[in-house]
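Each remark here refers to the structure printed beneath this line.
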Amino acid sequence: MERDHPVAKEEEGSEMPKIEVLEETENSIKFILRDASTALANSFRRAMKSLVPTLAIDYVDFYLNTSFLYDEIIAHRLALIPIKTDLDRFNFQDKCSCGGVGCPNCQVSFRLNVEGPKVVYSGDLISDDPEIKPAYDNIPIIELYKGQQLMIEAFARLGTGKEHSKFQPVSVCFYKIIPDIKINSCSLCGECVKACPRNILKIEKDRVVVTNVLECSFCLDCVRACEEKAIEIKETNDFLFTVEGTGALPIRTVMRKALEILKEKAEEMIKILEI
């Protein structure tokens, strides 16, 4: 997946940043961001974590709670349940036509009325919108014993991770620089091979070769072990990203929305500078 527009103007003669997907599942992806600056890579990471909005339960009305847990503990557990989100249908409450009072365009209601003995799961929540529901049905909320009852109504709204971590669309999002490893002529003593903690170096056909540069942790143990100074490791403009979603949004939607937000912010800064 390549970006149609750069977030920031690249230096003249440099290649445009691009994305090369290595592994992908429904809720996780591993990709290489090539020909990008460290600033862009970190901005992309931060945007996915803190700027892409999702739905999350924000407040709860308790009508009956005879369980062993306080209302606040149950509300906290409900808030951390990932909720399937449709960004095209919902507005932020402060930007909604209802003025933040709450309407079907900016919030979703969930009802729960259960009695023990049973374990209450996220799948027991009844949404007033059949398309908006917990991303997973098997997240335990509370265990009710005989005679205990829980009756609540919870309201979910859009928010971002910048406001609270419960709105983050990703549970894991990090990157590392892919190094450029050059091995010059050496005596093949093998000290660098022994020193590498990731076992990515080996002697093959009378020379030391790198088996998988993506596994390199940039520890430089091989450089320190080589008395002949035959190994050179330099930083590149390529970054290996690992991202895991919470299930609230498809992982590619998170990436695309993050880039759109960065583009909007860059365009806004350009307008400010032109005033």
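The values are calculated or read from the model by the stated rules, or taken from the named source; none is laboratory data. Predicted model only: the values in this text are computed from it and were never measured. A quick note on method: Cβ atoms are made from the backbone with ideal geometry, for glycine too, and the neighbour counts reach across all protein chains shown. Remember, those area values only see protein heavy atoms, side chains included, never the ligands or the DNA or RNA. Shrake-Rupley method; radii C 1.70, N 1.55, O 1.52, S 1.80 Å.
Look at the alpha carbon pairs under 8 Å that are at least 6 residues apart: their mean separation over the length of the range 192-275 gives a relative contact order of 18 percent.
Measuring only protein heavy atoms, the 1.4 Å probe finds ASP137 accessible over about 100 Å². In this structure the amide hydrogen of ILE141, modeled in the peptide plane, comes within under 5 Å of the amide hydrogens of VAL120, TYR121, SER122, none closer than 5 places in sequence on its chain. For the range 177-273, the calculated P(r) over all alpha carbon pairs, in 5 Å bins from 0 to the bin holding the longest distance, is 2, 11, 17, 15, 10, 9, 8, 8, 9, 7, 3, 1 percent. Structural descriptor for the range 11-50: relative contact order 32 percent, calculated from alpha carbon pairs under 8 angstrom and at least 6 residues apart.
Only Lys, Arg, Asp and Glu count, each charged at its Cβ (+1, +1, -1, -1), so figure out the dipole size of the chain about its Cα centre, rounded to 20 debye.
Using Cβ point charges on Lys, Arg, Asp and Glu, the chain gives about 400 debye.
Within a straight-line Cα-Cα reach of under 20 Å, LYS162 can be paired with the following lysines, leaving aside sequence neighbours fewer than 8 residues apart in one chain: LYS49, LYS84, LYS95, LYS257, LYS263, LYS265.
A cut-off of 5 Å between modelled amide H atoms, ignoring neighbours fewer than 5 places along the same chain, links ASP58 with PHE155, ALA156, ARG157. Per-atom-type breakdown for the chain gives carbon and sulfur 48% of the accessible area (1.4 Å probe, protein chains only).
Contact order, relative form, for the range 99-169: 37 percent (alpha carbon pairs under 8 Å, 6 or more residues apart, mean separation divided by residue count). Per residue, the accessible area of the chain comes to 57 Å² when a 1.4 Å probe rolls over the protein heavy atoms. All Cα-Cα separations within the chain were binned at 5 Å from zero, giving a P(r) of 1, 5, 10, 12, 12, 11, 10, 9, 8, 6, 6, 4, 3, 2, 1, 0, each value a whole percent of the pairs.
Of the chymotrypsin sites (Phe, Trp or Tyr not before Pro) found in the range 28-78, those that fall in a DSSP loop while having at most 15 other beta-carbon atoms within 10 Å are PHE68, TYR70.
Amide H contacts of ILE132 (H built 1.01 Å from N, in plane; Pro and chain starts excluded): no residue 5 or more places away or on another chain comes under 5 Å. Computed from phi, the 3J(HN,Hα) profile of the range 209-220 under the Karplus parametrisation 6.51, -1.76, 1.60 (θ = phi - 60°) reads 10, 9, 7, 8, 5, 5, 8, 5, 9, 6, 6, 6 Hz, with x in place of Gly and Pro. Projecting the Cα atoms of SER165, LEU112, CYS219 onto the dipole axis of the chain, where Lys and Arg carry +1 and Asp and Glu carry -1 at the beta carbon, places CYS219 farthest toward the positive end.
Phi-derived couplings, Karplus 6.51 cos²θ - 1.76 cosθ + 1.60 at θ = phi - 60°, listed residue by residue for the range 49-54: 7, 10, 10, 7, x, 9 Hz, with x used for Gly and Pro. Karplus-based coupling profile of the range 267-275, in residue order and whole Hz: 5, 5, 5, 4, 5, 5, 5, 7, 5, with θ = phi - 60° in 6.51 cos²θ - 1.76 cosθ + 1.60 and x standing for Gly or Pro. Under Stokes-Einstein, with the Kirkwood radius over Cα pairs as Rh, the value for the range 94-221 at 10 °C and 1.306 mPa s is 78 µm²/s. Full extension of the chain between PHE218 and TYR63 gives 50.2 nm of extra length, using 0.36 nm per residue less the Cα-Cα distance.
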